[in-house]
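Structure first, then comments.
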Amino acid sequence: MKRIFDGLYNNDHCGDTWKAENLYARALKFRLPRQHRYVSLKTEVLPYVEPVIYVNTPSIAYCRPSFLSIEGENILEEAKDFSTKHLEEYINQNKDKNLAAIINHSLELPLHWRMLRLEARWFIDIYRTRKDMYPILLELAELDFNMVQAAHQFDLKQVSRWWKSIALAEKLSFARDRLMENFFWTTGKIFLPQFGYCRRILTKVNSLITTIDDTFVIMKKTTHASDIYIIPLTILNEMAFDTLKEQRFHINIRYLKKAWADLCRSYLLEAKCPQEYIENAWISRSAPTILVHAYFFVTNPITMEALDCLEGYPNIIRWSSMILRLVDDFGTSMGDVPKAIQCYMNETSASEEDACEYVRYLIFATWNKLNEEQVVSYPFNQLFIEIALNLARMAQCIYQHGDGHGIENHETKDRLFSLLIQSIPLNKDRRY
């Protein structure tokens, strides 16, 4: 794959071949290398678009690369506005119901921001209805989805036994029992079947974070950070021992303890203005804690250079965490904790509508920063970089229709069911 993209970049970069091809081909040639972290491939491909109304597949193809932009690529912002306008016009004309469904899906949330497994399930269902569908390709996709789902179901059984054995939901009756949602988060971050142990560990981490969050809400400031901090500490040593026993490698829990301490400390800080909120909120939403744990379970060998970098929470972690925090603010209720929207309204006397628009701008701008961080020379493997990106995607998924984690809603239940419970029925009578 790398050789293919190297050849594509070296042969066509700044060349006239970009001009000779249609909009769909040019957009695809830009999007695929950019998705595989060829950010050095700039936007020479895109300025050659004439002011013509493109609909159907070309417009969708042109819209998708616009969300892979980095800071300073104004042409991609123009591409987003251009394609969105004409796609919305096409929907209003209501020419093709199937195509309208695809366009609505694309406009509702861009492909680059979507959870990969849910997108795979959705596309399989859409592809099945196409007249030009290849039956063998469809069956291969269905089999692959079901096989990966079976691996996830095995992991879910394992963490369900663990959750029941520690009985934390019974001991702390005020805490939310969200094991399924926490496992859903984890499959969004790393779905590859061979990383089941990592999925199980991260589900445990997510579950503990949910419990600590609820504990803090109940106890508020009558409890010191050390009292809340004891919850994960009782399990960290057990985690390290099980990892050494089952995976045969040692974890230095000093780095994990620091991540938990930073998280618990952040709960005790109350923001008064947007800047204070932003500086603290990206930690308090727990993403750094999750990503620090993820590093240890997808990396071999572990290097001191990477650990030193990890301890300082590099930008790949910071921007992923910030996206989680900001999209959370749209999905959760006002509550008793100041959020970005409320902080901005208090600081600037802006209306709620203007504050929401400002936070939407921050989300898009932060995605641009995260896109650029994918090609920074970090001492991490590409899988860890992908997990950081997937965490931001998972945040967009969970809070797309409200609070999909804190409050049980039918959107999250439907997604859980299609992703983890219901396999794709195979057509035994299909002929090739």
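Each reported figure results from applying straightforward, stated rules to the coordinates on display, with no laboratory input. No experiment lies behind these values; they were computed from the predicted model shown. Glycine gets a Cβ as well: all are built from the backbone with ideal geometry, and neighbour counts include every protein chain shown.
Remarks
- Links that overshoot a 27 Å alpha carbon limit, given the list K29/K85; K164/K339; K164/K257; K97/K369; K85/K413; K171/K257: K164/K339; K97/K369; K85/K413
- For I323, I166, the sequence from fewest to most other C-beta atoms within 10 Å is I166, I323.
- Length gained when the stretch I302-Y134 is fully extended (0.36 nm per residue, less Cα-Cα span): 56.1 nm
- Taking other C-beta atoms within 10 Å as the exposure proxy, M133, M394 rank M133, M394 from fewest upward.
- Note on N346 and V375: their simple-model spin labels are 4.1 nm apart, each label 7 Å out from Cα toward Cβ.
- In terms of other Cβ atoms within 10 Å, S266, S423 run from fewest to most in the order S423, S266.
- Computed lengthening from H410 to E311, 0.36 nm per intervening residue step minus Cα-Cα distance: 31.8 nm
- The 3J(HN,Hα) values that the Karplus relation (6.51, -1.76, 1.60; θ = phi - 60°) gives for the range 418-425 are, in residue order, 6, 8, 10, 10, 8, 7, 7, x Hz. Gly and Pro appear as x.
- Cβ-derived FRET efficiency at R0 56 Å, A100 paired with A167, nearest 0.05: 0.70
- Extension gain, S160 back to E89 (0.36 nm per residue minus Cα-Cα distance, nm): 20.8 nm
- Label-zone membership for the range 130-166, site I253, 7 angstrom Cα→C-beta point, backbone N under 17 Å: 166
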